[in-house]
Amino acid sequence: MSDEIPDPIRRLRAELTELDEHLVETMNQRLELVLELRRVKQEHGLDFLDPARERWLQSHLGAANRGPLSSEGLRELVAELLALTKREVGRND
């Protein structure tokens, strides 16, 4: 058996890497917007956290999800996205 990686595997890995890089870029853009939102909310005397908005986001993304990501997987993803965002914003204090 050869140590050479078959072309289909190499191609799929390259596509996955490109998507992963896009996820990191998108997360960084999201964090920049959240930091700006926090600043604006502070200027207006509003609380940073908005549980109603978080519920809306979960519902909205649930309706937009066409799979194969399961509803349970989406709930986990959104929960982790929000938790990570809050942790990262806290690191910028």
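General observations
- Rotationally averaged projected area of the chain (alpha carbon convex hull; nm²): 8.8
- Selection from L23, L74, S59, by position along the positive dipole direction of the chain (Cβ): S59
- Size of electric dipole in segment 7-91: Cβ of Lys, Arg +1 and of Asp, Glu -1, about Cα centre, debye, nearest 20: 180
- ³J(HN,Hα), Karplus 6.51/-1.76/1.60, whole Hz, each residue of segment 45-52, x for Gly, Pro: x, 9, 5, 5, 7, 9, x, 5
A short reminder: the numbers here are calculations on the coordinates, not readings from a lab. What you see is a predicted model, and the numbers here were worked out from it, not measured in a lab. Counting neighbours? That spans all protein chains shown, and the Cβs are built from the backbone with ideal geometry, glycine included.
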